[in-house]
Amino acid sequence: MPSNQQRSQRADQPAAASGSAVADAPQPTPELAAFIAGQPKAELHVHHVGSASPRIVAELAERHPGVVPTDPDKLAEFYTFRDFAHFVELYLATVDLIRTQEDVRLLTYEVAKDMAAQQIRYAELTCTPYTSVLRGVPIEGYIEAIEDARVAAERDLGLTLRWIFDIPGEIGPNAADETVRIALDHGPDALVGFGLGGPEIGTSRPKFKPAFDRARAAGLHSVPHSGESTGPQSIWDAIEALGAERIGHGTSATQDPELLRYLADHDIALEVCPTSNVATRVVDDYAGHPLAAMVAAGVTVTINSDDPPMFGTTLNREYGIAASLLGLDAAGVAGLARAAVHASFMDDAGKRALTAEIDAHLATNT
């Protein structure tokens with residue numbers, strides 16, 4: 001086991017991503033990488049527990065010993081996924097480390113620090129409160145913890161956090177009922193969206209319609225995962241049954257030209273996470289990623305990191321990959337940043353302010 005000093009030296013390094021295809025990610029020029037590092041950004045598809053850095057995972061694993069290793073090198077090996085189902089299995093093992101209100105608060109504030117270091121100004125962080133409640137965290141304590149961290153992040157880091165509460169789809173309708181109850185009975189003012197995560201295969205979107213109907217009636221935005229490990233029909237189902245306003249991943253959308261036209265015409269954005277898709281074997285490699293086809297079809301795309309330390313990535317790295325795949329210069333990168341602001345659930349004043357900051361960064365650095 002490494003010493004505390006050894007662990008701290010590697011604390012903020014992302015875990016190694018899964019597979020050689022991930023390691024072979026296309027890279028921008030050093031000049032464009034520097035521009036991206038300073039680019040003010042919004043992130044719309046990023047998971048609360050999945051954003052825990054190796055340092056935080058190791059600390060939580062020491063608090064709650066079990067299957068998750070505390071050694072950073074072994075942790076990198078642990079986050080090597082055979083396929084999407086194996087990723088879900090390992091993700092849930094990490095979820096099991098969040099057992100107390102103090103764990104929730106630590107995780108949330110440390111995730112905010114990592115975001116702020118990348119010039120992320122606004123993030124819609126997807127939380128799954130039901131899984132924490134199952135592990136014994138009282139919902140009142142859970143909400144108090146994330147809200148305390150949110151307020152501190154805005155005060156200390158200049159980062160605005162908003163919440164998306166999502167259903168762990170693998171648990172089924174009971175999880176949907178409980179998640180919407182939590183959202184409606186306990187959701188703070190910073191709660192803006194209602195989502196659906198977990199494995200898609202065997203988890204049809206329409207069966208979650210009652211929960212989404214209730215959430216939407218209460219004013220929450222619909223943002224389910226769909227078309228990640230399943231075909232385009234699941235995206236149609238998310239739109240038609242769940243009233244989706246954005247689609248998490250939507251990787252298979254390019255298999256259906258009519259669907260692409262619908263997404264473009266109705267301004268339903270896709271939350272694209274390139275490295276996640278390669279790491280979980282949803283796509284074979286970066287060269288085969290459908291990002292360019294989505295953009296060519298006129299669909300609004302946003303670039304996101306999903307579960308960044310688990311995939312050995314950061315939002316800055318994902319922007320660099322997207323810029324390389326799309327052949328973008330600094331102006332094109334700024335366009336991606338504006339698209340995320342446009343697709344966000346920020347109020348109009350917030351959108352204007354962050355867009356102006358993006359434009360100023362471009363004007364100053366080109």
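The values are calculated or read from the model by the stated rules, or taken from the named source; none is laboratory data. Computed from a prediction, not measured in an experiment: that's the story for all the values here. We place every Cβ from the backbone using ideal geometry, glycine too, and count neighbours over all the protein chains shown.
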Out of all the residues in region 164-183, which are of a type in the set (A, V, I, L, M, F, W, C) and under 16 Å from the mean Cα position of the chain (by Cα)? Ile164, Phe165, Ile167
Looking only at region 242-274, which residues are part of a helix (DSSP H, G or I) and either modelled with pLDDT under 95 or not aliphatic (A, V, I, L, M) (or both)? Thr251, Ser252, Thr254, Gln255, Pro257, Glu258, Arg261, Tyr262, Asp265, Pro274
List every residue pair whose Cβ atoms lie under 6 Å apart, where the two residues are 6 or more positions apart in sequence or sit on different chains, the first residue falls within region 67-96 and is under 24 Å from Arg135 (Cβ atoms), and the second residue, located anywhere, is among the polar types (S, T, N, Q) and at pLDDT below 75. Phe81/Ser18
Considering only residues of region 235-248 that are touching a strand residue (DSSP E or B) at 6+ places or on another chain (Cβ under 6 Å) and surrounded by fewer than 24 Cβ atoms within 10 Å (Cβ to Cβ), which is nearest to Thr302 (Cα to Cα)? Glu245
Exclusive hit being of a type in the set (Ser, Thr, Tyr), within 22 Å of Thr94 (Cβ to Cβ) and in contact with an Asp or Glu (Cβ under 8 Å, 6 or more places away or on another chain), set Thr251, Thr179: Thr179
Filter result for Pro26 (surrounded by fewer than 23 Cβ atoms within 10 Å (Cβ to Cβ) and free of Cβ contacts under 8 Å to residues at least 40 places away in the same chain): no
I'm trying to understand the selection: among the residues of region 192-233, which are surrounded by fewer than 18 Cβ atoms within 10 Å (Cβ to Cβ) and assigned to a helix (DSSP H, G or I)? Pro206, Lys207, Lys209, Pro210, Asp213, Arg214, Arg216, Ala217, Gln233
Considering only region 167-218, state which residues are of a type in the set (Lys, Arg), over 26 Å from Phe87 (Cβ atoms) and out of contact with any Ser or Thr (no Cβ under 7 Å at 6 or more places or on another chain). Arg181, Lys209, Arg214
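So, in region 51-98, exactly how many residues are outside any helix (DSSP H, G or I), charged (D, E, K, R) and under 15 Å from Pro308 (Cα atoms)? Quick ask: steps written out before the conclusion?
Applying the first criterion (outside any helix (DSSP H, G or I)) to region 51-98 yields 52-53, 64-71, 79-83, 96-98.
Of the ones still in play, those that are also charged (D, E, K, R) are 71, 82-83, 96.
Cutting the leftovers down to under 15 Å from Pro308 (Cα atoms) gives us none.
Selection size over region 51-98: 0.
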Filtering region 29-54 down to residues that are in contact (Cβ under 8 Å) with a residue 24 or more places away in the chain and over 30 Å from Val192 (Cβ atoms), which residue is surrounded by the fewest Cβ atoms within 10 Å (Cβ to Cβ)? Ala33
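With the structure loaded, tell me whether His225 is touching a residue at least 12 places away in the same chain (Cβ under 8 Å), in contact with a Gly (Cβ under 7 Å, 6 or more places away or on another chain) and within 28 Å of Val68 (Cβ to Cβ) or whether it fails that test. Explain how you work it out, then say what you get.
Working: touching a residue at least 12 places away in the same chain (Cβ under 8 Å): yes; in contact with a Gly (Cβ under 7 Å, 6 or more places away or on another chain): yes; within 28 Å of Val68 (Cβ to Cβ): yes.
In short, yes.
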Could you please find all residues in region 334-355 being within 16 Å of Thr160 (Cα to Cα) and free of Cβ contacts under 8 Å to residues at least 24 places away in the same chain? Asp347, Asp348, Ala349, Lys351, Arg352, Ala353, Thr355
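For (1) in contact (Cβ under 8 Å) with a residue 40 or more places away in the chain; (2) part of a helix (DSSP H, G or I); (3) of a type in the set (Val, Ile, Thr); (4) out of contact with any Leu (no Cβ under 8 Å at 6 or more places or on another chain), each residue gets a yes or a no:
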| site | (1), (2), (3), (4) |
| --- | --- |
| Ser276 | no, yes, no, yes |
| Val282 | yes, no, yes, yes |
| Met294 | yes, yes, no, no |
| Val299 | yes, no, yes, no |
| Thr302 | yes, no, yes, no |
| Pro309 | yes, yes, no, yes |
| Tyr319 | yes, yes, no, no |
| Leu325 | yes, yes, no, no |
Which residue is nearest to Tyr319 (Cα to Cα), if the candidates are limited to region 114-153 and must be crowded, with 21+ Cβ neighbours inside 10 Å, in contact with a His (Cβ under 9 Å, 6 or more places away or on another chain) and among the polar types (S, T, N, Q)? Thr126
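Is it the case that some residue within region 170-188 is aliphatic (A, V, I, L, M), in contact with a helix residue (DSSP H, G or I) (Cβ under 9 Å, 6 or more places away or on another chain) and closer than 25 Å to Ala353 by Cα? Quick ask: steps written out before the conclusion?
Narrowing region 170-188 to residues aliphatic (A, V, I, L, M): 171, 175-176, 180, 182-184.
Retained after the next criterion (residues that are in contact with a helix residue (DSSP H, G or I) (Cβ under 9 Å, 6 or more places away or on another chain)): 171, 175-176, 180, 182-184.
If we keep only those that are closer than 25 Å to Ala353 by Cα too, we end up with none.
No, because not a single residue in region 170-188 is aliphatic (A, V, I, L, M), in contact with a helix residue (DSSP H, G or I) (Cβ under 9 Å, 6 or more places away or on another chain) and closer than 25 Å to Ala353 by Cα.
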Residues (assigned to a helix (DSSP H, G or I) and of a type in the set (A, V, I, L, M)) located in region 143-178: Ile143, Ala145, Ile146, Ala149, Val151, Ala152, Ala153, Leu157, Ile171, Ala175, Ala176
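Could you please find all residues in region 327-346 being in a loop (DSSP other than H, G, I, E, B) and surrounded by 18 or more Cβ atoms within 10 Å (Cβ to Cβ)?
Applying the first criterion (in a loop (DSSP other than H, G, I, E, B)) to region 327-346 yields 327-329, 344-346.
The answer is Leu328, Ser344, Phe345, Met346.
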